[in-house]
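S.K.: I am attaching a structure below and will ask some questions about it afterwards.
The values are calculated or read from the model by the stated rules, or taken from the named source; none is laboratory data. The structure presented is a predicted model; accordingly, all values stated were derived computationally and were not measured. Neighbour counts run over all protein chains shown; Cβ positions are idealised from the backbone, glycine included. All accessible areas refer to the heavy atoms of the entire protein, side chains included, with ligands and DNA or RNA removed. Shrake-Rupley method; radii C 1.70, N 1.55, O 1.52, S 1.80 Å.
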Amino acid sequence: MILFFQFDIPADIALFGGDHLLIFQCPEHNDAVVAQGAPEQLPPRFWDTPPPLYTAPGAFWRIMLHRDDTSPAPDSDEYLRPQRLDFRPATEQVAIWWPGNVLSDGEDLDSAFADHGIGLPGFKIGGVPSWAQDRESYTCPCGNDLVYVCQVPTDTGFDKQHDRPEQLDTFRSGQYGLFLGNETYVLACPAHCHPAAAWPVNQN
Ligand SMILES: [Zn+2]
Ligand SMILES: [Zn+2]
């Protein structure tokens with residue numbers, strides 16, 4: 001699989017600070033990860049064998065989230081040109097799209113923002129996801145609710161190595177993308193019950 005990106009999660013991110021996150025996708029399969037059919041309670045052994053899609057015989061992606069003491073690999077990825085990923089601290093801004101509907105429920109403002117607020121779009125770790133559609137939530141096989149970790153915006157492209165073919169169904173020539181370029185929200189198990197206990201929710 002192609003390593004698309006990796007980063008150390010800053011220490012001030014709740015539950016996942018200090019973890020290392022890596023996102024992989026198969027060079028020959030490119031699709032959205034559709035949660036339809038995945039129950040909100042994910043079944044036992046879900047992280048060992050994430051569900052296949054009709055376009056791929058098995059899971060064509062993998063997200064690793066761990067805090068083991070490992071060292072960098074000596075070689076860069078064979079498909080993508082290595083780039084440095086720098087994050088800087090930012091302030092989240094949370095908004096409610098349809099405040100009339102929410103507040104007419106009689107909900108107080110704090111819980112209305114907690115239940116319905118969406119954050120700023122962008123490539124970001126932590127904060128509040130900027131859901132493009134309804135929020136989605138899943139429960140890990142271990143019983144914990146998955147928690148949002150990071151967001152990758154629509155059509156985030158990664159420059160390919162010159163000697164590699166164009167990605168299947170790419171949105172931009174010369175670049176590979178994750179999940180057909182869909183907005184991606186990574187949700188992960190706060191108990192770290194499995195090194196791959198992270199699920200890419202796609203929306204557009
Ligand atoms: Zn494949
Ligand atoms: Zn779990």
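S.K.: If I model a spin label at E78 and N204 as a point 7 Å from the Cα along the Cα→Cβ vector, what separation in nanometres do I get?
M.R.: Distance between the two pseudo-spin positions: 2.9 nm.
S.K.: What residue among D48, D19, D110 shows peak mean-square fluctuation when the chain is described by a Gaussian network model with Cα springs under 10 Å?
M.R.: So, out of D48, D19, D110, the one fluctuating most is D110.
S.K.: Now a separate question. Calculate what fraction, in whole %, of the accessible area of segment 126-176 sits on carbon and sulfur atoms when a 1.4 Å probe is rolled over the protein chains. Don't skip to the answer; put the middle values down first.
M.R.: Details: 1130 of 2560 Å².
Within segment 126-176, the accessible surface is 44 percent carbon and sulfur.
S.K.: Say we join alpha carbon atoms closer than 10 Å with springs in a Gaussian network model of the chain; which of P74, P82, P129 then has the biggest fluctuation?
M.R.: P74
S.K.: Return the single residue from W97, W47, W61 with maximal mean-square fluctuation; model: Gaussian network over the chain, springs between Cα atoms under 10 Å.
M.R.: Of the options given, W97 has the highest mean-square fluctuation.
S.K.: Still on this model: Rounded to whole Å, give me the distance from the Cα center of segment 7-47 to that of segment 63-94.
M.R.: Centre-to-centre distance over Cα atoms comes out at 14 Å.
S.K.: With each label point set 7 Å from Cα along the Cα-Cβ vector, what nm distance links Q93 and V34?
M.R.: 3.5 nm
S.K.: Quick check for you: with a 1.4 Å probe and neighbouring chains kept, what is the accessible area per residue of the chain, in Å²?
M.R.: Values: 11430 Å² over 204 residues.
That works out to 56 Å² per residue.
S.K.: Right, another one. Taking the Cβ of W98 as the center, what net charge do the other residues with Cβ under 12 Å away carry, scoring Lys and Arg +1 and Asp and Glu -1? List each step's numbers first, then the result.
M.R.: Values: positive: none; negative: D105, D134.
Once positives and negatives cancel, what remains is -2.
S.K.: Which whole-number value in Å³ per residue fits the convex hull of the alpha carbons of segment 1-139?
M.R.: Working: hull volume 22.8 nm³, N = 139.
Considering the Cα atoms of segment 1-139, their hull volume per residue is 164 Å³.
S.K.: At 222 nm, what value in deg cm²/dmol follows for the chain if DSSP H runs of at least 4 each add -39500 (n - 2.57) and the sum is divided by all its residues, to the nearest 500?
M.R.: Values: 2 runs with 13 residues, N = 204.
That calculation yields -1500 deg cm²/dmol at 222 nm.
S.K.: Give me the Kirkwood hydrodynamic radius of segment 32-112, using the inverse of the mean 1/r over all pairs of distinct Cα atoms, in Å to one decimal. Don't jump to the answer; show the numbers that get you there.
M.R.: Numbers: mean 1/r = 0.0537 Å⁻¹.
That comes to 18.6 Å for segment 32-112.
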